[in-house]
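The block underneath contains the structure these notes are about, expressed in structure tokens.
A short reminder: the numbers here are calculations on the coordinates, not readings from a lab. None of these values were measured; they are calculated from a predicted model. Cβ sites come from the backbone with ideal geometry, for glycine too, and all protein chains shown count toward neighbours.
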């Protein structure tokens with residue numbers, strides 16, 4: 001009788017042990033995956049989540065960080081002319097740079113795709129160089145090329161009776177310069193992503209289009225672009241986030257000048273938060289990027305998801 | 001009872017303060033025997049060795065284990081280190097602060113009245129700018145540091161100024177003698193700028209947002225009595241003095257290089273060393289580099305006083321400070337070290353090691369032999385430390401309360417006003433913009 005009573009209890013305990021035992025847990029694929037990603041999760045928590053929450057906290061404090069002001073810093077920013085100028089400039093900088101990176105990346109990817117396989121690797125490697133050089137280093141080289149008084153470009157142009165061009169001294173040229181350098185650094189990333197996408201387009205589609213008498217533009221418009229849409233969207237989103245948050249290029253080339261006309265969110269946040277010493281306001285400026293990028297991400301990812309469902 | 005100061009208490013306090021200088025630091029029961037300090041990383045080769053030797057001498061005598069970190073301003077490293085240590089409430093015991101930072105961190109610094117008062121008695125008074133930046137609510141929060149402190153007065157080319165502007169800067173500021181600079185006014189400066197510009201050697205003064213550009217604009221504004229915010233914190237942008245200063249500086253800026261709005265603190269140095277300009281506003285670092293890289297330029301350089309304006313003769317002055325963090329566990333040792341570094345013999349060694357670049361802020365120490373002897377040409381730095389007090393040493397954006405002035409300074413409001421007006425923006429529109437900006441700096 002006793003055995004009969006004890007039997008189910010022992011059975012249940014052993015079943016629970018089977019279900020929850022460490023050894024069994026470790027055998028589960030999801031558990032293994034979680035364990036392996038745990039170091040990365042901890043790193044992200046430490047270096048991304050904690051600073052993000054801390055900056056949220058900072059953004060709610062007054063200048064001397066002694067008093068809670070709620071959304072006071074954001075309301076203050078909304079009334080500043082310079083802040084709205086920075087918003088406008090950040091949008092111009094990010095959208096223009098991403099557009100040109102996409103165009104150059106697309107064109108160059110086509111060129112590289114059409115190079116015979118034998119020499120293609122060499123070209124791919126060379127074209128990636130601007131992307132793999134640390135930006136702080138390449139920006140310093142660009143700074144010398146654009147130097148206000150000793151620009152190497154101006155020295156060359158002078159030989160042809162052109163210039164001197166105030167690369168960083170005039171607002172229009174300064175904006176052009178920072179966008180140009182951003183495109184130079186970022187276009188190879190687009191190129192490599194588009195090249196991968198081009199290689200995955202089935203050759204039969206082009207053959208069918210050719211049979212139908214499609215010319216180059218028609219093949220590009222009706223075959224290549226639709227097949228690359230998701231990659232284009234993902235690349236654009238990724239680049240938009242990185243470009244919006246760009247700091248090094250503007251900081252090194254113009255430091256936001258002349259008269260603040262090239263400041264973007266990150267450089268303005270640094271100026272206000274660190275250089276001026278108003279850390280809560282600096283945190284508020286940098287947090288302002290979050291809603292803008294969230295909206296962009298929602299639209300782009302929703303579009304990709306919808307197309308995925310249609311497929 | 002608390003506010004009453006009896007004769008006995010007064011004598012006791014004075015005696016204790018005086019004794020602090022004379023007495024060596026005695027390790028107290030709370031002292032850990034360690035001290036970590038930050039000194040400004042000097043650009044003059046070998047200058048750090050002198051400060052290190054001074055600190056090590058003190059450390060050996062007082063048996064304190066000292067760690068020195070030399071941090072420069074490149075990439076705002078000094079600024080960021082101080083900001084990080086303020087947040088973390090840990091780090092060094094002594095921190096070097098550029099211009100505004102001591103006042104900015106006043107709440108986190110240990111008051112140093114007990115060492116400043118005896119030092120002033122010993123070394124002479126400090127000027128009003130040092131007091132403005134180092135004394136908060138009547139209490140000294142930092143000690144003026146010799147290392148890094150500078151005056152950014154004119155450094156002129158003797159030959160070019162004589163040839164194109166008809167001005168003999170050596171006669172205005174003779175070595176070893178008081179200045180004879182009555183004729184050296186802002187009008188004379190404007191005429192000289194035009195003449196040198198027309199001759200192809202424009203004055204190398206920047207209009208960017210970095211320190212050198214802002215300091216010069218600040219001096220011009222002070223020369224007209226122009227304040228964007230007054231000492232009480234009232235916004236005073238739309239005043240006649242500001243209009244006059246802006247009008248004058250815009251006229252002067254027309255003779256600067258066309259890319260001046262993009263200049264940083266290295267641009268004016270390069271301008272002088274390359275021989276392209278007749279005058280820059282800088283401490284003698286440009287001259288020192290020219291002495292090494294372009295000796296023919298260096299031997300034509302003369303550092304001298306600023307031109308006088310309607311409200312006086314002002315020169316841009318940037319003091320550095322040494323402060324002790326309130327989280328320091330060895331505050332008495334830190335104070336003892338700062339007293340040691342502020343002794344006349346130590347200051348003389350620091351000035352000599354920097355080739356005359358570093359300036360003590362104390363009145364009795366502006367006639368050291370280094371400035372008289374440095375050259376070529378001999379005596380080129382004689383008037384650099386303002387030995388005859390014939391100009392008022394001021395910091396741009398003063399006398400606004402430091403928390404507001406710091407923002408005006410760092411944001412380069414005065415240079416931006418100049419560039420806007422220079423590019424054709426009407427005066428009143430520029431003033432309205434500046435007023436709006438400055439109003440934003442009043443938040444606490």
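With a ≥ b ≥ c taken as the square roots of the eigenvalues of the C-alpha gyration tensor of chain B, please select rounded if a/c is under 1.5 and otherwise prolate if a/b is larger than b/c or oblate if it is not?
The shape class here is prolate.
Using 1/(1 + (r/R0)^6) with R0 = 45 angstrom and r between the beta carbons of residue A:133 and residue A:305, what's the FRET efficiency to the nearest 0.05?
About 0.80, to the nearest 0.05.
Note the angle between two axes, namely the Cα long axis of helix B:211-223 and the longest principal axis of the Cα atoms of chain B, as a number of degrees from 0 to 90, rounded to the nearest 10.
80
Report the paramagnetic label zone for residue B:311: residues of segment B:228-251 whose backbone N is under 15 Å from a point 7 Å from Cα along the Cα-to-Cβ axis.
B:228-249
As a test of the formula, what do you get for chain B when each DSSP H run with n ≥ 4 contributes -39,500 (n - 2.57) and the sum is divided by the residue count, at 222 nm and rounded to the nearest 500 deg cm²/dmol?
Using -39500 (n - 2.57) per qualifying helix, the result is -12500 deg cm²/dmol.
What is the spin-label model distance, in nm, from residue B:294 to residue A:33 if the labels are put 7 Å beyond Cα along the C-beta direction?
For the pair residue B:294/residue A:33, the computed spacing is 6.5 nm.
Enter the mean number of other protein chain beta carbons within 10 Å of the beta carbon of each residue in B:249-261, as an integer.
The mean count of partner-chain Cβ atoms within 10 Å per residue comes to 3.
Between residue A:295 and residue B:43, what is the label-point separation in nm under the 7 Å Cα-to-beta-carbon projection?
Once both label points are built, they end up 4.5 nm from each other.
Which whole-number percent is the relative contact order of segment A:76-310 (Cα, under 8 Å, 6+ apart)?
Relative CO of segment A:76-310 lands at 27 percent.
At 222 nm, what value in deg cm²/dmol follows for chain A if DSSP H runs of at least 4 each add -39500 (n - 2.57) and the sum is divided by all its residues, to the nearest 500?
-24000 deg cm²/dmol
Quick one: check the C-alpha center-to-center distance for segment B:88-123 versus segment A:111-189, whole angstrom.
Cα centroid to Cα centroid, the span is 46 Å.
Against the longest alpha carbon principal axis of chain B, how many degrees, from 0 to 90 and to the nearest 10, is the axis of helix B:344-353 turned?
50
Hey, what did segment B:77-153 get for relative contact order, percent, Cα under 8 Å, at least 6 apart?
Normalised by residue count, the contact order of segment B:77-153 is 31 percent.
Would you look at the GNM of chain A, springs on alpha carbons closer than 10 Å, and say which of A:220, A:235, A:262 moves the most?
Of the options given, A:220 has the highest mean-square fluctuation.
Just to verify a number: FRET efficiency for residue B:429 and residue A:92, C-beta to C-beta distance, R0 = 25 Å, to 0.05?
E between residue B:429 and residue A:92, to the nearest 0.05, is 0.60.
Let me know the shape class of chain A, please: from the alpha-carbon gyration tensor, a ≥ b ≥ c as square roots of the eigenvalues, rounded when a/c is under 1.5, otherwise prolate if a/b is greater than b/c, or oblate.
Because a/c hits 1.5 or more and a/b fails to exceed b/c, chain A counts as oblate.
Please list the three semi-axes, largest first and in whole Å, of the ellipsoid equivalent to the protein assembly as shown, using sqrt of 5 times the eigenvalues of its alpha carbon gyration tensor.
After scaling each eigenvalue by five and taking roots: 54, 39, 24 Å.
Please give the FRET efficiency for residue B:372 paired with residue A:68, using the beta carbon to beta carbon distance and R0 = 56 Å, rounded to the nearest 0.05.
0.45
Mind telling me which of B:174, B:387, B:310 comes out most flexible in a GNM of chain B, alpha-carbon contacts under 10 Å?
Judging by the Gaussian network model, the answer is B:310.
Using label points projected 7 Å from each Cα along Cα→Cβ, tell me how many nm separate residue A:123 and residue A:222, to one decimal.
2.7
For segment A:203-311, what is the relative contact order in percent, using Cα pairs closer than 8 Å and at least 6 residues apart in sequence?
Here the relative contact order equals 20 percent.
In whole angstrom, how far apart do the alpha carbon centroids of segment A:237-311 and segment B:365-426 sit?
Spelled out, the Cα-based centre of one part sits 36 Å from the other.
Order these by the 10 Å Cβ neighbour count, fewest first: A:107, A:48.
Neighbour counts put them in this order, fewest first: A:48, A:107.
Please find, in a Gaussian network model of chain A (springs between Cα atoms separated by less than 10 Å), the residue of A:256, A:282, A:163 whose mean-square fluctuation is greatest.
Among A:256, A:282, A:163, the largest GNM mean-square fluctuation belongs to A:163.
Would you list B:105, A:263 from fewest to most Cβ contacts within 10 Å?
If I rank by nearby Cβ atoms, fewest first, I get B:105, A:263.
How much of the DSSP beta bridge set in chain B is antiparallel, as a percent to the nearest 5?
If I count the DSSP bridges inside chain B, around 65 percent turn out antiparallel.
Given the Cα-Cα distance of residue A:238 and residue A:210 and 0.36 nm per residue of separation, how much length would full extension add, in nm?
Taking residue A:238 through residue A:210 to full extension adds about 6.7 nm, to one decimal.
How long is the gain from residue B:89 to residue B:67 if the chain were fully straight, where each residue apart is worth 0.36 nm and the alpha carbon distance is subtracted?
Residue separation times 0.36 nm, minus the Cα-Cα distance, leaves 6.1 nm.
Less than 18 Å from a label point 7 Å out along the Cα-to-Cβ axis of residue A:144: which backbone N atoms in segment B:293-329 qualify, by residue?
Hits in segment B:293-329 for residue A:144 at 18 Å: none.
Fewest first, what order do B:135, B:254 take by the number of other Cβ atoms within 10 Å?
Starting with the residue having the fewest Cβ neighbours, the order is B:254, B:135.
Would you give the gap between the C-alpha center of segment A:73-103 and the C-alpha center of segment B:161-193, rounded to a whole Å?
For segment A:73-103 versus segment B:161-193, the Cα centre distance is 48 Å.
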